[in-house]
Amino acid sequence: MNEPAAQAAMDAARQVLSRTFGFQDFRPGQAEILHSVLSGENVLAVMPTGSGKSLCYQLPAILREGLTVVVSPLIALMRDQVMQLQALGVAAGSLNSNNGPGENRRVERAIEEGKLRIVYVAPERFGVPGVVDLLRRGHVRLLAVDEAHCISQWGHDFRPEYLMLRDVVEALGQVQTIAVTATADAPTRADVIRKLFAREPQTFVRSFDRPNLHLAMVRKARAPKQIASFVEAHRGETGIVYCNSRKRTEKMAEMLSQLGHRAIAYHAGLEPELRSAHQDEFVQTDGVVVCATIAFGMGIDKPDVRYVCHADMPQTIESYYQEIGRAGRDGLPADTLTLWGEEDITLRRRQIADSDLPRDRRTVALRKLDALVALCEAPGCRRQALLRAFGEESKPCGNCDGCASRHRLYSGKIEAQKVMSAILRTSGRFFARHVAKILTGELTEEIRHHAHDQLKTFGAGRDRSEAEWRSIFRQLQATDLIAQDAEDHDRWIVTESGRKVLRGEEDLQLRPLPGREERMEAPKARLGEDLTTKEQQIFAALKALRRDLAREEHKPAYVIAPDRTLMELATHRPRNLEEMAEIHGIGEAKLARYGQVFLEVILGHER
């Protein structure tokens, strides 16, 4: 497509953005991606959760003739997105094993007759005889692969059924392909490109920052009390508490229920009907807290989750990022809290050691664990450390526990010098635990074997415990004073920033050491607390109306209108439907269906 034609397509996309979705402009990064897709390019887009990845294939599907096929790993996501598109007046459907035979036949007929613009397909569905031929007859113009990291064994959520997608692309006549994901580091991106695309795609990697999320990571100290306090601060709001076992999810839900919260458990061991019912309750009802294993959440598109709590340390930085990303997808403020402790680290190391992973993947898993623990230990800005793990630099954010607790840091230059000296004197070939034993002067068999008891640094840190030295090691990793060699991941190096501290040219502030109880920062203000009294009254009345409409129509409340839309209605208070059409999220279909009843609530408070 030539540039004038591409620009005309972008102009049409902006009209659909406003008319159908009710959005006044693209979010950062969307326009460039859409330009490439509308120009016919293959695209790999890595964008943070909540940044509008789905719009990058939904808009082209609405603009073009023909069919767009969206590959999605979770049936719940398909059902949710199909419902939202249908509410916007878009012809959408899905093919999956949870549909009854009649529903799948109805969708198949609609594909044959050219009546659908978008069809969501579970990846294993491509193995069903006749499905690829059906899609070919449906004139597929675009194949969109959601959660594209699932195709890579180096990603954190590998799905073997994704490996057949390259053959599907070829069977559909090398159809244009867009792959989207929120979490893919450089090796994972390279693997996705190699396994999915016949030719090099246009690749877009957007900032991983989610500035509306408040980040906090705290050592466990009476964890049930810490969790209860955190959830209580968000009473009546929707949230997720992640736990590391099925039994723990049920105990957590029981504890929170006894405290008066609407809490439910979710894990893979529940009966399918109960598991589905619990997921529906979470998606469709306001104010539910779900206590879940990591089996819950991928693809959940509920925009008004106000908090995510990890009762136990997550598995990797990538999974942590994806799990906290389920909060605040509407762009409004949301809270996150992660509790962790030495027992979590020990458990995860044992799980990796006992796994049947090949040796190279076990090594990768241990490296990812070390990086996550370093993030937990990070002094200073938590967001800086998180983004640095994805290769992105940033300034202190002012919206994390690290920024809030700077006054509790201490000068750790001497301690840092001892750790870096031990690393250099052992050629960087040993990890935190071994370095800590050198500094405390513990004469282990390994230290004796390598003659590390002869080093000048042996016993130089007897004034601190092994746990304290491991903590310092991880903090140096989180602040990029030490790093794993880019070409030899089994070797630690002292970075240029680290050498400045080692030479005494710069100071270093470290977080308080293990054994000292960490103070939990109070959660941020609750949604709507910054509204005036009248605005709060209108917001509450609109939420009540939305709840009633959702019950009548058997839809999730946010499909009627997300919180952001209700807040804008409460603050702007449109006086007629023309003014209401300017509100975020009010497109033509929603204006026609709900505009008048929303307007009556607003005008009723003006009298």
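Every number here is computed from the coordinates shown, using simple stated rules; none is lab data. In this text the structure is predicted, and so the values were computed from the model without any measurement. Don't worry about glycine lacking a Cβ; one is built from the backbone with ideal geometry, like all the others, and counts go over all protein chains shown.
When the Cα positions of Val290, Gly114, Val16 are compared along the charge dipole of the chain, Val290 comes out farthest toward the positive end, with charges on each C-beta of Lys, Arg, Asp and Glu.
Set the Förster radius R0 to 25 Å, insert the Cβ-Cβ distance between Ala223 and Glu466 as r into 1/(1 + (r/R0)^6), and round the FRET efficiency to 0.05. Walk me through the numbers before you get to the answer.
Details: r = 23 Å, r/R0 = 0.93.
Efficiency, rounded to the nearest 0.05: 0.60.
If you wrap region 255-394 in the convex hull of its Cα atoms and look at it from every side, the mean projected area works out to 10.5 nm². Rounded to whole numbers, the Karplus 3J(HN,Hα) couplings from phi for region 443-453 are 8, 7, 4, 5, 5, 5, 4, 8, 6, 6, 6 Hz, using 6.51 cos²θ - 1.76 cosθ + 1.60 with θ = phi - 60°, and x at Gly and Pro. Ranked by the mean number of other Cβ atoms within 10 Å per residue, highest first, peptides 109-118, 134-143, 312-321, 445-454 order as 312-321, 134-143, 109-118, 445-454. Counting only residues at least eight positions apart within a chain, or on another chain, the aspartates and glutamates with an alpha carbon under 12 Å from that of Lys534 are Glu606. In loop segments of region 567-607 as defined by DSSP, the GluC sites (Glu not before Pro) with at most 12 further C-beta atoms inside 10 Å of their C-beta are Glu606.
Note on Lys115: aspartates and glutamates with a C-alpha under 18 Å away, same-chain residues under 8 apart excluded, are Glu65, Glu103, Asp133. For helix 359-377, what angle does its Cα long axis make with the longest principal axis of the chain, in degrees from 0 to 90 and rounded to 10? Tilt of helix 359-377: around 90 degrees.
Simple spin-label estimate for Leu603 and Arg64 gives 4.4 nm between the two label positions (7 Å along the Cα-to-Cβ direction from each Cα).
Annotation: Cα Rg of region 288-342 relative to the compact-globule expectation 2.2 N^0.38 Å equals 1.08.
Between the helical axis of 101-112 and the longest alpha-carbon principal axis of the chain there is an angle of about 70 degrees.
Relative to the compact globular guide of 2.2 N^0.38 Å, what is the alpha carbon radius of gyration of region 533-604, as a ratio?
The reported ratio for this selection is 0.98.
Stokes-Einstein diffusion for region 31-77, with the hydrodynamic radius set to the Kirkwood value over Cα pairs and evaluated at 20 °C in a medium of 1.002 mPa s, equals 181 µm²/s. Rounded if a/c is under 1.5, else prolate if a/b is larger than b/c, else oblate: which is region 3-205, with a ≥ b ≥ c the root eigenvalues of its Cα gyration tensor? Rounded is the answer for region 3-205, as its axis ratio a/c remains below 1.5. In order along region 223-231, the Karplus-derived 3J(HN,Hα) couplings, from 6.51 cos²θ - 1.76 cosθ + 1.60 at θ = phi - 60°, round to 3, x, 5, 4, 5, 4, 5, 5, 5 Hz, and Gly and Pro are given as x.
For Ala561, nonlocal amide neighbours, meaning residues 5 or more places apart or on other chains whose placed amide H falls under 5 Å from its own, do not occur. Coupling constants for region 545-559 follow from the phi torsions by the Karplus curve (6.51 cos²θ - 1.76 cosθ + 1.60, θ = phi - 60°), and in residue order they are 4, 4, 4, 5, 5, 5, 5, 4, 9, 6, 10, x, 4, 6, 6 Hz; glycine and proline get x. Restricting the calculation to Cα atoms, every distinct pair contributes to the Kirkwood radius of region 211-323, found to be 14.2 Å.
Using the Cα atoms of region 162-213 to build a convex hull, what is its mean projected area in square nanometres? The Cα convex hull of region 162-213, projected and averaged over all directions, gives 4.4 nm². Given their separation in residues at 0.36 nm each and the Cα-Cα distance between them, Arg491 and Ser394 gain 32.3 nm when the chain is fully extended. Cross-link partners of Lys220 among lysines, defined as those whose alpha carbon lies under 18 angstrom from its own and excluding same-chain residues fewer than eight positions apart: Lys251. Between the Cα long axis of helix 466-478 and the first principal axis of the chain there is an angle of about 50°, rounded to the nearest 10.
Principal axis extents of the C-alpha atoms in region 410-510 (largest first, rounded to whole Å): 35, 34, 21.
Distance distribution P(r), the chain, all Cα-Cα pairs, bin width 10 angstrom from 0: 3, 15, 24, 25, 18, 10, 4, 1, 0 percent.
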